[in-house]
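Single-structure report; data block below.
The values are calculated or read from the model by the stated rules, or taken from the named source; none is laboratory data. What you see is a predicted model, and the numbers here were worked out from it, not measured in a lab. In this analysis, Cβ positions are derived from the backbone assuming ideal geometry, glycine residues included, and neighbour counts consider all displayed protein chains. The protein model used for the area step is the full one, side chains on, heavy atoms only, and it has no ligands, DNA or RNA in it. Shrake-Rupley method; radii C 1.70, N 1.55, O 1.52, S 1.80 Å.
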Amino acid sequence: MTVIILSLVLLVPLAFVPKGWVLVEAEIAYVEAPKVYLLRILTALAVPCIAILLYDRGLRLNWVTAAVAAFLVWAVMATVFSTDPAISFWGEFYGQDGSSLIATLHYGLVFCAVAVAFNTPERIKTLLTIVALSGAVASMPVILQHFHAMPLDLLPSGVGRPSGTFGNPVFAGSYLGLTAMVTVYLTARERTWYSLFLIPHVGALYILGSRGSLIGLAVFWIVLALYIMWQHADRSNWKLWLGGTLVLMVPALIIGGMAVGNGRIVRSGEEIQGRLTIWQGALTLVGGSPAFGVGPDMFRYRYLQISPPGQRGVPEEPDHAHNWLAHSAAEMGIGGGIVAAGLYGASAAVSGPLAAVFVGRLAEQMVGVARISDLMLFWMLLGVAYQTKVLRS
Amino acid sequence: MKIWIGIILSTSLLAGASLHMNMQSLMASIYAAQSVRAAQQGNAAGAVGRMKSATELSPRVSTYPFFLSSYYSRSNVPTYARREIDRATGGNPHYYRHWLHGGLNLWQLGFRDAAVEHLEQAHTLVPNSMPMRELLAQAYINMGWPDKAVDLLEVARRLPSNTSWAYKSEQLLGFAYMDLGNNPAAKHWLLASLEHAPFRWTCADNIKALQQLETAVSREALDKCSKASR
């Protein structure tokens, strides 16, 4: 099963087929459909092993398993009480990624697989190393697209911004931001040669210009710097503590500078207004169905019914609230928002320095969109957080 | 121990079912892409055959019946085309685009009552869309139901309308009032629409309608005058 999990890490983010080979509703079917099918098929193959290992080793009850169980149970209840349980179960577009129950259950299986199989520090280190390697490899298509040197045509029609093998710069930024955080964590904890993986990450993140991932990375670095100083500095010498913390935070300033320097932050006014409108709409949906929300994967349909007319009288049609907590609350109710926050809170509370990754990820998800590659990785990291707690106790 | 064996077996069976379904879905997406390529190459029979296979393997994907309906339309089999449109909209009744495209296709196939029902459903799903509202109003006018068009468009007036895209709604209101015989209201809205028209060529229909109105008003005035002289 270790092979299956490591294959998922390496293959899912890079999976694609030439344009026109597969047809589903999504315009980016050629990059999204292979990822979805690969994840679901490999996960299904791993289920018997997961069941056997669960019997053999069991899953201890701690904050992480409780948070995951609460999230999955609430997702089931939100599906049962959804405005359309069939859509909430199978997804708004069958066979595509989303927040449907069937997709969430697959991510839950990924968590179980990592939680039971990666039960030694060496295995965890191997998994995180493969994550860093995967991010470095996935960064290369972004860089090649920027310099028009990519031999394969993977850019969606009419889109000029590079997006690698993800079909969308936001999705690419979410994934590469997360793998960059893992790479920095490994560098700080293990050996500095891991920093070589950072080089393509930095280039790709700057090219993508995805502000959410850069914000997340900056927040991650600040939290990591504070944690390192708290653990290692002499707290009685406050000058040394403060000075060391400020020095360690310089990279966060550099990352913030990257977000400004690539020019996209200057054009942010209209986009911020657009995001505010979506968040307002999401809160309206929460108010309309506070108990169990509108149902998983029903956000687009319900939002369209309240979306105000925009440019030329056409309402906006977002399929995501661009905020993990608002989206979870809209689709699964106030309780759904709480259990979604609980996933981050529980994992950050028990995972030591890895908590910085979860805090950085949460910061990125406050404005970003979670999609299959980074969602899969996030649930794997939840498994790592579980094992970190188990190994420490 | 026996309970655990039962759990392992049942989860394995479920996993096997999931694996089978995902493999079918993958094959369906490949067949659908092959169908589109066959259609582009002029192989209509191959296109229909492949897309039918895709629909059978993955019945929950609403896009495939839409492609089938377009193939049947081109092959002049309107009843089959309509059946596939109904299958597509039934598969995912919440997505307005399915109802919208279904309505437009049904209109072209000549099933006008069904087309209007589809457009009404699409409008229900996106109530704040001005283009959707205008499309439905146009359908009502073409069906000879100007009163319904007026009701629909009068509601739209409460939405912000002082921008150039409002010209179409005001133009349709003018046409609807013309059909209702309310010439003053028709003239008012046709002239208002001209103020918001984004391009010169969009004025042509308004001017033609206003000329018809002026002719009708002149004729009415002449009739009244002739009655008075008797």
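Using a probe of 1.4 angstrom, how much of the accessible area of the stretch A:316-393 is carbon and sulfur, in percent? Show your work: numbers first, answer last.
Details: 1220 of 1860 Å².
For the stretch A:316-393, the apolar C and S fraction of the accessible surface comes to 65 percent.
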**Item:** the stretch B:38-140 - percent of accessible surface contributed by carbon and sulfur, probe 1.4 Å
**Value:** 50 percent
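Given the protein assembly as shown, report the % of alpha carbon pairs whose separation exceeds 49 Å.
Values: 42341 of 193753 pairs.
Summing the P(r) of the protein assembly as shown above 49 Å gives 22 percent of all pairs.
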**Prompt:** Heavy-atom accessible surface, probe 1.4 Å, ligands and DNA/RNA ignored: which residues of the stretch A:31-63 lose at least 10 Å² versus the isolated chain?
**Reply:** A:37, A:40, A:41, A:44, A:45, A:47, A:48, A:51, A:52, A:54, A:55
**Item:** List A:302, B:37, ordered by accessible area with a 1.4 Å probe, largest first
**Value:** B:37, A:302
**Item:** Per-residue SASA entry for residue A:112, accessible area with 1.4 Å probe, Å² rounded to 10
**Value:** 30 Å²
**Candidate lysines - alpha carbon under 16 Å from residue B:208, same-chain residues fewer than 8 apart omitted** = B:168, B:187
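With a 1.4 Å probe and all protein chains left in place, how much accessible area per residue does the protein assembly as shown have, in Å²?
On the way: 27600 Å² over 623 residues.
Result: 44 Å² per residue.
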**Prompt:** residue B:44: net charge of surrounding residues, Cβ under 12 Å, Lys/Arg +1, Asp/Glu -1, itself excluded?
**Reply:** +2
**Item:** Shielded by partner chains, the stretch A:89-110 residues - at least 20 Å² of accessible area, 1.4 Å probe, vs chain alone
**Value:** A:90, A:93, A:94
**Request:** Sort B:2, B:168 by accessible area with a 1.4 Å probe, largest first.
**Result:** B:2, B:168
**Complete:** When the charge dipole of the protein assembly as shown is computed with +1 on Lys and Arg Cβ and -1 on Asp and Glu Cβ about the Cα centre, the Cα farthest towards its positive end, among A:55, A:121, B:94, belongs to A:121
**Prompt:** Counting Lys +1, Arg +1, Asp -1, Glu -1, what net charge surrounds residue A:86 among other residues with beta carbon under 12 Å of its beta carbon?
**Reply:** -2
**Message:** Out of the total accessible area of the stretch A:181-247 (probe 1.4 Å, heavy atoms of protein only), what percent is carbon and sulfur?
**Reply:** 68 percent
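Could you state how much accessible area is buried at the B-A interface, both sides summed, with a 1.4 Å probe, in Å² to the nearest 100?
Values: alone 14040 and 17130 Å², together 27600 Å².
Roughly 3600 Å².
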**Most mobile listed residue (A:62, A:323, A:237) in chain A, GNM with C-alpha springs under 10 Å** = A:237
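Between beta-carbons, use under 12 Å as the cut-off and find the net charge around residue A:350, counting Lys and Arg +1, Asp and Glu -1. The partial results should precede the final answer.
Working: positive: A:60, A:389, A:392; negative: none.
Summing Lys/Arg as +1 and Asp/Glu as -1 gives +3.
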**Prompt:** Convex hull over the Cα atoms of the stretch A:1-139, averaged projected area in nm²?
**Reply:** 9.6 nm²
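Using only the Cα atoms of the stretch A:276-381, construct the convex hull and provide its projected area averaged over every direction, in square nanometres to one decimal. Working shown, then result.
Working: hull surface 27.0 nm².
Taking the Cα atoms of the stretch A:276-381, their convex hull projects to 6.8 nm² on average.
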**Item:** Qualifying aspartates and glutamates (Cα of each under 13 Å from Cα of residue A:19; at least 8 residues distant if same chain)
**Value:** A:27, A:32, A:153
**Message:** Straight-line reach only, C-alpha to C-alpha below 12 angstrom: list the aspartates and glutamates that residue A:125 could link to, leaving out same-chain residues fewer than 8 apart.
**Reply:** A:190
**Complete:** The answer for GluC sites (Glu not before Pro) in the stretch A:310-369 that fall in a DSSP coil and have at most 16 neighbouring Cβ atoms within 10 Å is A:316
**Message:** For residue B:208, what accessible surface area do you get with a 1.4 Å probe? Give it in Å², rounded to 10.
**Reply:** 130 Å²
